[in-house]
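Read the structure below first, then the notes.
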Amino acid sequence: MTTETTTAADTMTVEELRTQTRLLAGELPGTLRRITLKAGGISVDVEWETAPATAPAPTPAAALATAPAGAQPAPAPPAAAPADPDRPAGLVQVTAPLVGTFYQASSPGGEPFVQVGDIVEPGHQLAIIEAMKLLNSITAEVRGRVHAVHPQDGEVVEYAQPLFDLVPVD
């Protein structure tokens, strides 16, 4: 007859892991950059900036830690680009809502969803970001002309990295 010993880590649920991770995140010095949670074999991987921030803003990892299991973070709203004499007035930047691999077409060697100069409508697909074998559609939120495409096809992009510049049109 064998006896199995159960440790606290073996019986911890994903919700308990999430709660413990939030507590840990609140105690870290500096701004949280990334958290990886694994339920099988319980694992927590945390990365943070060591320089203390005066008013830390919520990070995408913190949003994931507080979101229900399987939830995706909400896409970041387009932000106005900083003042630059070479950029048209009213320029809207489409930024990456998550970390992943940027694709300009639905298949390798395929026709890009958009090119510089194209006019797009709200909801028009601009690109795909693949993250953890999930394809996330990146869409326009304004009607505009594509002014610039920043990442190269197949390039890994970071959260909030500029992807497209759109010039609003009437």
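Just a few scattered comments:
- Test: residue in the stretch 63-81 that is at pLDDT 65 or above and either of a type in the set (D, E, K, R) or part of a loop (DSSP other than H, G, I, E, B) (or both): no
- First in the stretch 152-164 and over 17 Å from Gln93 (Cβ atoms) and open to solvent by 50 Å² or more (accessible area, probe 1.4 Å), second anywhere and among the polar types (S, T, N, Q) and assigned to a loop (DSSP other than H, G, I, E, B), Cβ under 8 Å, 6 or more apart: Asp153/Gln104
- Among the residues making up the stretch 113-140, those that are more than 18 Å from the chain's Cα centre (by Cα) and in contact (Cβ under 8 Å) with a residue 24 or more places away in the chain are Val114, Gln115, Val116, Gly117, Asp118, Ile119, Val120.
- Search result, residues across the stretch 154-170 that are assigned to a loop (DSSP other than H, G, I, E, B) and more than 17 Å from the chain's Cα centre (by Cα): Val169, Asp170
- Note on the stretch 142-151: residues that are surrounded by 17 or more Cβ atoms within 10 Å (Cβ to Cβ) and charged (D, E, K, R) amount to 0.
- Considering the stretch 107-133, and only residues there that are open to solvent by 70 Å² or more (accessible area, probe 1.4 Å), modelled with pLDDT under 95 and not charged (D, E, K, R), the residue that is farthest from Val167 (Cα to Cα) turns out to be Met132.
The values are calculated or read from the model by the stated rules, or taken from the named source; none is laboratory data. As the structure is a prediction and not an experimental result, all values here were calculated from the model. Positions of Cβ are backbone-derived with ideal geometry, glycine not excepted, and every protein chain shown enters the neighbour counts. Accessible surface areas use protein heavy atoms only, side chains included; no ligands, DNA or RNA. Shrake-Rupley method; radii C 1.70, N 1.55, O 1.52, S 1.80 Å.
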